[in-house]
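Peer 1: Please see the structure below; I have some questions.
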Ligand SMILES: Cc1cc2nc3c(=O)[nH]c(=O)nc-3n(C[C@H](O)[C@H](O)[C@H](O)COP(=O)(O)O)c2cc1C
């Protein structure tokens, strides 16, 4: 698939399944991710690769976070949270490692750079025939979850990238460039 086709045909999958990427394919995904643009050579991204039983550990951590956020959460809700990481054979956690006091590269640029890495990864997965769904939610901002993953308080979880074979493809949403882009200055 050429690069433009990859970009313009990407859609988030509705359902993922086995098999996930091989170790060599995971490496390729990460190689694509670290080609993201980066102001100041800060390389403000880190990745955690979660597979197999690691997903159970991640589920337990998410439950810990949910318990803190919602102490009255019923068991059915906790169980659903515990099982969420099992929705894909592979989850790559994309983290923005932020240098807060950099005079030239403010935090927003570092976050943008790490988000570009996440998008590179998502597009690479698509180019390789896998599906990739970008998720965050309250879990991504939960201090318990961040600490459990070894993410410093001043850093940010950019996304939990769910990767696997496509069990149910998502729709390619209709989009019109005119809705989002305009010449400037506007014609009078
Ligand atoms: C930063 C970020 C966080 C997201 N978090 C979630 C999420 O937690 N749950 C979800 O269903 N979709 C989430 N999405 C949206 C999906 O990943 C997806 O982009 C959206 O459903 C649109 O589908 P499309 O990618 O096929 O256009 C998130 C997207 C971004 C960029």
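The values are calculated or read from the model by the stated rules, or taken from the named source; none is laboratory data. Just so you know, these numbers come straight off a predicted model, no measurement behind them. Cβ atoms come from the backbone with ideal geometry, glycine included; neighbour counts cover every protein chain shown.
Peer 1: I'm checking my understanding of the structure. Among residues of the range 120-142 that are free of Cβ contacts under 8 Å to residues at least 60 places away in the same chain and in a helix (DSSP H, G or I), which one is farthest from the ligand (Cβ to nearest atom)?
Peer 2: So the residue we want is 141.
Peer 1: To continue, here is another question. Please find, among 68, 35, the residue that is surrounded by fewer than 14 Cβ atoms within 10 Å (Cβ to Cβ), assigned to a loop (DSSP other than H, G, I, E, B) and either modelled with pLDDT of 95 or more or in contact with a helix residue (DSSP H, G or I) (Cβ under 6 Å, 6 or more places away or on another chain) (or both).
Peer 2: Criteria check complete, one pass: 35.
Peer 1: Restricting the search to the range 4-28, which residues are away from the ligand (no atom under 16 Å from the Cβ) and in contact (Cβ under 8 Å) with a residue 24 or more places away in the chain?
Peer 2: The answer is 17, 18, 19, 20, 21, 25, 26, 28.
Peer 1: Before we move on, is residue 55 at pLDDT 95 or above, away from the ligand (no atom under 16 Å from the Cβ) and under 21 Å from residue 149 (Cβ atoms)?
Peer 2: Details: at pLDDT 95 or above: yes; away from the ligand (no atom under 16 Å from the Cβ): yes; under 21 Å from residue 149 (Cβ atoms): yes.
In short, yes.
Peer 1: Identify the residue in the range 156-174 that is more than 9 Å from the ligand (Cβ to nearest atom) and part of a loop (DSSP other than H, G, I, E, B) and, among all such residues, is farthest from residue 59 (Cα to Cα).
Peer 2: Here the residue is 174.
Peer 1: Still on this structure: Considering each of 85, 13 in turn, give the residue that is surrounded by 20 or more Cβ atoms within 10 Å (Cβ to Cβ), modelled with pLDDT of 95 or more and in a helix (DSSP H, G or I).
Peer 2: On the way: 13 fails: in a helix (DSSP H, G or I).
Of 85, 13, the one residue that is surrounded by 20 or more Cβ atoms within 10 Å (Cβ to Cβ), modelled with pLDDT of 95 or more and in a helix (DSSP H, G or I) is 85.
Peer 1: Which residues, counting only those in the range 95-119, are within 13 Å of the ligand (Cβ to nearest atom) and in a helix (DSSP H, G or I)?
Peer 2: Once the filter is applied, which keeps residues that are within 13 Å of the ligand (Cβ to nearest atom) and in a helix (DSSP H, G or I), the range 95-119 yields 111, 112, 114, 115, 116, 117, 118, 119.
Peer 1: When you go through 50, 63, 94 one by one, which is the residue that is touching a helix residue (DSSP H, G or I) at 6+ places or on another chain (Cβ under 8 Å) and without any contact (Cβ under 8 Å) to a residue 40 or more places away in the chain?
Peer 2: Residue meeting the stated conditions: 63.
Peer 1: Across the range 143-155, which residue is nearest to the ligand (Cβ to nearest atom) among those that are crowded, with 18+ Cβ neighbours inside 10 Å and in a helix (DSSP H, G or I)?
Peer 2: 145
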